[in-house]
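A short write-up of the structure that comes next.
The values are calculated or read from the model by the stated rules, or taken from the named source; none is laboratory data. Keep in mind it's a predicted model, so treat the numbers as computed, not measured. All Cβ positions, even for glycine, are placed from backbone atoms using ideal geometry, and neighbour counts span all protein chains on display.
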Amino acid sequence: MNSSPEKLHLGAAYYPEHWPEDRWPEDVRLMKEAGLTVARMGEFAWSTIEPEEDDFHFKWLDRAIDLLAAEGISSVLGTPTAAPPAWLTQKNPKTLAVDEHGRRKIHGRRIHYCVNYPEYHERTRSFVS
């Protein structure tokens, strides 16, 4: 039996891709000052990770994770499948969801993708498999 108290983690979503990289150290300092131990990232970063088809950019994410880790803040990464990039929806508009009135969603809103469309599944495999 372990008699040590369980550690409670406090975290928040963090989207470093929306800020200049020279701002990140201040963000991390403020997170640490606020007592955060976890930062969730990635779930809306598909267009930053893969700005063009099959052109993957992970180094910026590595730098953000390293910066957080240096201050004792863990990273929880989500798959970026919640926000397909414009190149995908422009290439194949059927990857966009259809509303209850049969109208296709427009690119740029959250959850604008069609979870049932085979090409969406195919493209997301690069992240989830």
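Looking at the stretch 15-30, can you tell me whether even one residue there is touching a residue at least 24 places away in the same chain (Cβ under 8 Å), within 28 Å of S126 (Cβ to Cβ) and not in a helix (DSSP H, G or I)? Within the stretch 15-30, one or more residues are touching a residue at least 24 places away in the same chain (Cβ under 8 Å), within 28 Å of S126 (Cβ to Cβ) and not in a helix (DSSP H, G or I).
Answer yes if at least one residue in the stretch 97-116 is of a type in the set (F, W, Y) and not in a helix (DSSP H, G or I), and no otherwise. Within the stretch 97-116 (the criterion being of a type in the set (F, W, Y) and not in a helix (DSSP H, G or I)), the answer is yes, since at least one residue qualifies. I111 meets each of the listed conditions (1) at pLDDT below 95; (2) among the β-branched types (V, I, T); (3) surrounded by 13 or more Cβ atoms within 10 Å (Cβ to Cβ) apart from (3). For the stretch 107-129, residues that are without any contact (Cβ under 8 Å) to a residue 12 or more places away in the chain and over 20 Å from A45 (Cβ atoms) total 2. In the stretch 31-57, what residues are within 21 Å of Y120 (Cα to Cα) and part of a loop (DSSP other than H, G, I, E, B)? Residues satisfying the conditions are G42, E43, F44, A45, E50, P51, E53, D54, F56, H57. Across the stretch 62-86, which residue is farthest from F127 (Cα to Cα) among those that are in a helix (DSSP H, G or I), touching a residue at least 40 places away in the same chain (Cβ under 8 Å) and in contact with a strand residue (DSSP E or B) (Cβ under 9 Å, 6 or more places away or on another chain)? Top of the filtered list is L68.
Number of residues in the stretch 15-56 that are closer than 27 Å to K91 by Cβ and over 13 Å from the mean Cα position of the chain (by Cα): the value is 6. Taking interchain pairs and intrachain pairs at least six residues apart, which have beta carbon atoms under 6 angstrom, with the first residue in the stretch 33-55 and within 14 Å of T81 (Cβ to Cβ) and the second loosely packed, with under 13 Cβ neighbours inside 10 Å? Going by the 6 Å Cβ cut-off, the qualifying pairs are E50/F56.
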